[in-house]
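To start, the structure under review is shown below, and the notes come after it.
Just so it is clear, none of the values below were taken in a lab; they were calculated from the coordinates. Model, not experiment: these values are computed from the prediction. Heads up, the Cβs are rebuilt from the backbone with ideal geometry, glycines too, and the neighbour counts pull from every protein chain shown.
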Amino acid sequence: MFLVGAGFAVMLFSVDDLRTSERRARHSEEVLVAANQLERLVVDLETGQRGFVITGEERFLEPWRAARTALPEQARALEQLVADVPAQESRVRRISQEATSYLRDYSVPLINAARRDLASVQTEAATQEGKRRVDVMRTEFDDLIAAEQRLSQERQTNSDAVAHRAVIAAIAGLVGSALLILGFAGYVTRAIVRPVLGTAAMADRLAGGDLSVRVPETGVGEIRRLERAFNSMAESLEDARAALAASRARIVRSADETRRQIERDLHDGIQQRLVSLALELRAAQATVPGEAPELQTRLDRIAEGLGDALEELREISRGIHPAMLSEGGLGPALKTLARRSAIPVEVAACYVVSEALTNAAKHSRASVAHVNVRPRDGGLHLSVSDDGSGGADPADGTGLIGLTDRIQALGGTIAIHSPPGEGTTLQVDLPIAPV
């Protein structure tokens, strides 16, 4: 009886640990969102200041003023979120100090100088210092986000270990109960033995990962209480696992929304300003007298530079979140992706994981890739294969790890077959959400 009690005690503690892990996962999601918002404010400071220095127009300072007002409060909010992790708290404090220093020691003096003499700040030396400071802060943000993601992964690993211990503890309790009953089973009738055997069978399925199993509560006395305890434990584990899966999916959705927001901001903000500047420059060129060829040449170079910057910005915007994905859906977006791939791609259907093609183009030295998708068992089965060098291992890089995390967060599975010298094949099964 001591063994049974100990097993269920461990199981109850494990369920509590799973709930704690879910809260920590939600906390990590809040930290990532707050960090993205703070980084956005820093970018608004830099872009608003730069627009004012280039044009001298006060309207470009509107996002700068808003970011300057919101920055201290957002930094404090992020510090509060990471207060329980000293390393993260130290990173956030450094970012806050660097942002405050950038605003106080560089941005505000630069704007004041521009108001006094605009030409004096329109130099490379005046802008390089700002770029250096912003690059340092972006590196700190990258470190902060990467560390938080590692913490989230460690918490997920710990949650999986706790769930495994809970299953083992429950099985130990059930096996102990079975042994205790069998020790005195000389006079026990089949009406008692059958429920015990059925419970043991369900315990095996539970140990195999099927948390949906339940035991029919048909026993009597202690056996029925055992069945109820098993069912209660299985329900608790299933609810905890579902909550963790939902939390992981929310983190993925949050990251996707942030990427889409950045793409929209690039398109609606900086891109439009660059286009306006280019049009104004062309209009200015038309007014340059013919006897000033050197000025005309300089204006031409500036116009070409603006055009190149606009094109680069468009490429960055497409890389963050392809516009075709929002406008035409997944099929046209993936056909566009196939046309841009560094290796020839044969698309047999309308769906493919773009990360798989990116990994193949970067690492496999393949001459062709094949993508196929079809419905199977009420879900979607997708395969991506290439004729490259093979030897792909998720442990060697973040590409396959990120792909695996995204698929698992959606409730899917992935299998990787990549023998050295024989190419790589990814088999993915995804559930189809009801409409």
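Restriction of the GluC sites (Glu not before Pro) in the stretch 40-127 to DSSP coil positions whose beta-carbon has at most 10 other beta-carbons within 10 angstrom yields Glu57. For trypsin sites (Lys or Arg not before Pro), no site in the stretch 34-141 is both called loop by DSSP and has at most 14 other Cβ atoms within 10 Å. Between Gln37 and Thr157, the distance separating the two model label sites (each 7 Å from Cα on the Cα→Cβ line) works out to 3.1 nm. The distance linking the stretch 23-49 with the stretch 51-79 is 15 Å (Cα centroid to Cα centroid, whole angstrom).
In plain terms, the chain from Val193 to Thr69 could stretch by 37.4 nm, reckoned as 0.36 nm per residue minus the Cα-Cα distance.
The calculated FRET efficiency for the pair Arg138 and Val213, based on their C-beta separation and a Förster distance of 41 Å, comes to about 0.25. Measuring between their Cα centroids, the stretch 111-151 and the stretch 215-235 lie 63 Å from each other.
Annotation for the stretch 355-421: trypsin sites (Lys or Arg not before Pro) lying in DSSP loop with at most 14 further Cβ atoms inside 10 Å of their Cβ are Arg365.
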